[in-house]
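Asker: Handing you a structure now.
Please treat every number below as a calculation from the coordinates, not as lab data. No experiment lies behind these values; they were computed from the predicted model shown. Ideal geometry is used to build each Cβ from the backbone, glycine not excepted, and the neighbour counts take in all protein chains shown.
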Amino acid sequence: MRKCFLLFLLLLLVIAGCGSKESTQSKPREKIEGVPESVQGDVKVAVIRNLPSDDHTKQFLDGARSEGEGLGFKVDTFISDGDDAKFQNLVSQAIQKNYDGLVISHGKESYSYDMIKPALDKGIKVVTFDTVAVKNGEKLEGVTYTAQNDHKLAELSLDEVASYTKGGEPVNVIKLWFGGLPPLDSREEIYKKYEKEGKIKTLETIGPSNMQNVQGDIASGVSSILSKYPEGKVDVIWGSWDEMAKGGFKALKDNKRPDIKLVSIDISNQDINMMLEEGSTWESTAAVDPYLIGVMNMRLLAKKIAGEDTPETYALEPKLIKKEDLSSETTMDSLAEVVEGWGESDDFNEDWMKKLREN
């Protein structure tokens with residue numbers, strides 16, 4: 001009798017255990033009506049950037065990550081510090097790991113076509129920023145190429161440079177620039193135009209030799225030539241990229257040269273702080289919100305993963321930011337309070353994206 005009772009208890013425990021296991025099993029996620037099935041579930045994307053980990057890069061990645069995670073995607077980010085070999089290896093690894101989509105930033109034209117094509121061949125969706133994938137005159141199809149409107153960025157900043165003319169004479173400029181990077185090459189096209197028109201005269205061109213220390217490298221380069229130019233001989237330092245402009249600012253500060261203005265392209269919290277320093281001659285910068293750039297690239301990638309049409313190219317419009325418009329309270333988060341339309345865009349913000357963010 002006792003054995004029968006023990007067997008009965010054991011049977012009850014087994015049944016209870018089975019019931020407990022069934023109750024803890026995860027329920028399949030309910031599909032959201034009106035949202036493409038391909039963007040529901042486990043969507044994995046990678047954002048790979050071929051620049052140093054500066055303020056601009058961090059904000060770009062934050063924008064992409066925030067937008068992607070808001071849509072329910074798993075977002076991984078990678079930085080190659082301007083090392084082209086490392087960058088290509090990171091992209092190759094991402095392709096092997098079968099991500100659903102890639103955002104690729106600042107690839108060089110010499111290798112980007114061959115680097116990106118294997119991803120498209122595997123059905124991985126691709127959006128690029130400041131990257132041109134062309135080979136033998138043929139552009140890689142299926143990619144959306146995004147960029148800041150670099151011609152407009154150059155025009156806004158160089159109009160400011162040209163405004164420092166003395167009696168209509170060309171403005172004497174120390175130019176911070178290097179070639180081989182699509183956005184800087186585009187800005188150079190406008191610079192050459194202003195130079196040809198006699199609005200500016202280039203005294204020196206300085207670029208970095210060490211992409212891991214752009215600011216320090218530029219600061220040393222500018223400092224080494226300033227003694228050649230007494231007060232009144234240099235009007236403006238033009239920084240075609242704010243990471244170089246920061247080096248120019250340090251050189252002016254270290255060498256006590258308040259006679260030279262600084263005008264740049266791009267912006268960050270560090271830039272704002274430097275512009276607001278006492279005695280700063282960093283007068284203005286033309287820029288697009290880097291956080292917004294990340295957001296827009298992710299929206300375009302989401303549309304591709306959803307199977308929707310996307311444009312072949314997309315350019316973000318810049319704004320001019322002047323030192324006189326800033327206050328001690330101004331940061332990247334509050335810049336919209338002093339620059340109308342800063343960081344705002346409803347482009348590609350589909351209704352189904354809004355539904356995903358709500359779930």
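Asker: Here are a few candidate values for mean projected area of the Cα convex hull in nm²: [x] 26.7; [y] 16.5; [z] 25.5. Which one was actually calculated from the structure I just gave you?
Answerer: Read-out taken from this structure: [z].
Asker: Still on this structure, please answer the following. Springs between alpha-carbon pairs under 10 angstrom, Gaussian network model over the chain: which of Pro182, Pro170, Pro230 fluctuates most?
Answerer: The residue that fluctuates most here is Pro230.
Asker: Also, quick follow-up: What is the distance, in nm, between label points placed 7 Å from the Cα along the Cα-to-Cβ direction at Glu37 and at Asp309?
Answerer: 2.4
Asker: So what's the net charge close to Glu109: Lys and Arg +1, Asp and Glu -1, counting the other residues with Cβ under 10 Å from its Cβ?
Answerer: On the way: positive: Lys108, Lys135; negative: Asp185.
Spelling it out: positives minus negatives among the neighbours equals +1.
Asker: Follow-up question, since we're still on this one. Hey, fewest Cβ within 10 Å first, where do Leu262, Leu335 land in order? Present the calculation step by step, with values, prior to reporting the outcome.
Answerer: Values: Leu262 26, Leu335 20.
Least crowded to most crowded, the residues run Leu335, Leu262.
Asker: Hey, got a sec? Which trypsin sites (Lys or Arg not before Pro) in the stretch 223-277 land in a DSSP loop and have at most 14 other Cβ atoms within 10 Å?
Answerer: Values: sites: Lys228, Lys233, Lys246, Lys250, Lys253, Lys256, Lys261; in loops: Lys228, Lys233, Lys256.
Sites meeting the loop and neighbour criteria: Lys228, Lys233, Lys256.
Asker: Which pairs in the list Lys196/Lys261; Lys152/Lys199; Lys199/Lys246; Lys117/Lys354; Lys152/Lys196; Lys256/Lys323 are over 27 Å apart, alpha-carbon to alpha-carbon? Numbers along the way, then the final one.
Answerer: Details: Lys196/Lys261 22 Å; Lys152/Lys199 17 Å; Lys199/Lys246 24 Å; Lys117/Lys354 31 Å; Lys152/Lys196 18 Å; Lys256/Lys323 20 Å.
Among Lys196/Lys261; Lys152/Lys199; Lys199/Lys246; Lys117/Lys354; Lys152/Lys196; Lys256/Lys323, the Cα-Cα distance tops 27 Å for Lys117/Lys354.
Asker: Ok, one more. Going by amide H atoms built from the backbone, whose H comes under 5 Å of the H on Gly82, apart from near neighbours?
Answerer: For Gly82, the qualifying residues are Leu51.
Asker: Which cross-chain or sequence-distant (5 or more) residues have an amide H under 5 Å from the amide H of Lys261, H modelled 1.01 Å from N in plane?
Answerer: Val236, Ile237
Asker: Here's a follow-up. Which of the trypsin sites (Lys or Arg not before Pro) found in the stretch 22-101 are in a DSSP loop and have at most 14 neighbouring Cβ atoms, other than their own, within 10 Å? Don't skip to the end; give the middle numbers.
Answerer: Values: sites: Arg29, Lys31, Lys44, Arg49, Lys58, Arg65, Lys74, Lys86, Lys97; in loops: Arg29, Lys31, Lys97.
Taking the stretch 22-101 and a limit of 14 other Cβ atoms within 10 Å, the loop trypsin sites (Lys or Arg not before Pro) found are Arg29, Lys31, Lys97.
Asker: Sticking with this structure for a sec: With the calculation restricted to Cα positions, what are the radius of gyration and Dmax of the stretch 205-276 in angstrom?
Answerer: Here Rg and the maximum Cα pair distance are 11.4, 33 Å.
Asker: Please identify the DSSP H helices in the chain that span no less than 24 Å along the helix axis (Cα) and have a mean Kyte-Doolittle hydropathy of -1.0 or more.
Answerer: Values: long enough: 2-23 (32 Å, 1.34).
Answer set is 2-23.
Asker: Normalised by the number of residues in the stretch 151-287, what is the relative contact order in percent for Cα pairs under 8 Å and 6+ residues apart?
Answerer: Working: 238 pairs, mean separation 36.5, N = 137.
Dividing the mean separation by the residue count of the stretch 151-287 yields 27 percent.
Asker: Given +1 on the Cβ of Lys and Arg, -1 on the Cβ of Asp and Glu, and no further charges, what dipole in debye does the stretch 151-287 carry about its Cα centre, rounded to the nearest 20? Don't skip to the answer; put the middle values down first.
Answerer: Numbers: 17 positive and 22 negative charges, 75 e Å.
Dipole size: approximately 360 debye.
Asker: I would also like to ask the following. Would you mind finding the longest exposed-site-free stretch of the chain, with exposed GluC sites (Glu not before Pro) meaning DSSP loop and at most 14 other Cβ atoms within 10 Å? Walk me through the intermediate numbers first.
Answerer: On the way: sites that count: Glu30, Glu33, Glu141, Glu197, Glu231, Glu277, Glu278, Glu312, Glu329, Glu340, Glu344.
Looking at the chain, 34-140 is the longest stretch - no exposed GluC sites (Glu not before Pro) with at most 14 other Cβ atoms within 10 Å.
Asker: Once you charge only the Cβ atoms, +1 for Lys and Arg and -1 for Asp and Glu, what is the size of the charge dipole of the stretch 270-359 about its Cα centre, to the nearest 20 debye?
Answerer: Details: 9 positive and 21 negative charges, 88 e Å.
Its charge dipole is roughly 420 debye.
Asker: Once the other residues with Cβ under 12 Å from the Cβ of Leu203 are scored (Lys, Arg +1; Asp, Glu -1), what is the net sum?
Answerer: Details: positive: Lys175, Lys201, Lys228, Lys233; negative: Glu195, Glu204, Asp235.
With Lys, Arg at +1 and Asp, Glu at -1, the neighbours total +1.
Asker: At 7 Å along Cα-to-Cβ for each site, give me the label-to-label distance between Lys97 and Lys355 in nm.
Answerer: With each label placed 7 Å out from Cα toward Cβ, I get 3.0 nm.
Asker: Still on this model: Compute the length gained on full extension between Ser328 and Ser209: take 0.36 nm times their separation in residues and subtract their Cα-Cα distance, giving the result in nm to one decimal. Don't skip to the end; give the middle numbers.
Answerer: Values: separation 119, 0.36 × 119 = 42.84 nm, distance 3.40 nm.
Answer, rounded to one decimal: 39.4 nm.
Asker: Also, quick follow-up: Between Met115, Met298, Met244, which gets the highest mean-square fluctuation from a Gaussian network model of the chain, Cα cutoff 10 Å?
Answerer: Residue with maximal mean-square fluctuation among Met115, Met298, Met244: Met115.
Asker: Can you put Trp177, Trp241 in order, fewest other beta carbons within 10 Å first?
Answerer: Working: Trp177 19, Trp241 24.
Ranked by crowding around the Cβ, least crowded first: Trp177, Trp241.
Asker: Pick out which of Asp84, Asp333, Asp242 has the largest mean-square fluctuation in a Gaussian network model of the chain, springs linking Cα atoms closer than 10 Å.
Answerer: Evaluated over the chain, the most mobile residue of the options is Asp333.
Asker: Continuing with the same structure: Once the convex hull of the alpha carbons of the stretch 151-287 is built, what does its volume come to per residue, in cubic angstrom?
Answerer: 98
Asker: I would also like to ask the following. Which Cα, out of Ile237, Val43, Ile190, lies furthest along the positive dipole direction of the chain (beta carbon charges, K/R +1, D/E -1)?
Answerer: Val43
Asker: Of Asn149, Pro290, Ser224, whose Cα points farthest to the positive end of the dipole of the chain (charges on the beta-carbon: +1 Lys, Arg; -1 Asp, Glu; origin at the Cα centre)?
Answerer: Pro290
Asker: On to the next question. Would you mind calculating the relative contact order of the chain from Cα pairs under 8 angstrom and at least 6 residues apart, reporting the percent as a whole number? Could the numbers behind the result be given before it?
Answerer: Values: 640 pairs, mean separation 68.6, N = 359.
RCO, the chain: 19 percent.
Asker: Using alpha carbon centroids, what distance separates the stretch 273-323 and the stretch 166-183, in Å?
Answerer: When both Cα centres are located, 22 Å separates them.
Asker: What FRET efficiency comes out for Thr165 versus Lys139 if R0 is 56 angstrom and r is the Cβ-Cβ distance? Round to the nearest 0.05.
Answerer: In this case the efficiency is close to 0.90.
Asker: Nearest 20 debye, what's the magnitude of the dipole of the chain about its Cα centre given +1 on Lys and Arg Cβ and -1 on Asp and Glu Cβ? Numbers along the way, then the final one.
Answerer: On the way: 45 positive and 61 negative charges, 303 e Å.
It works out to roughly 1460 debye.
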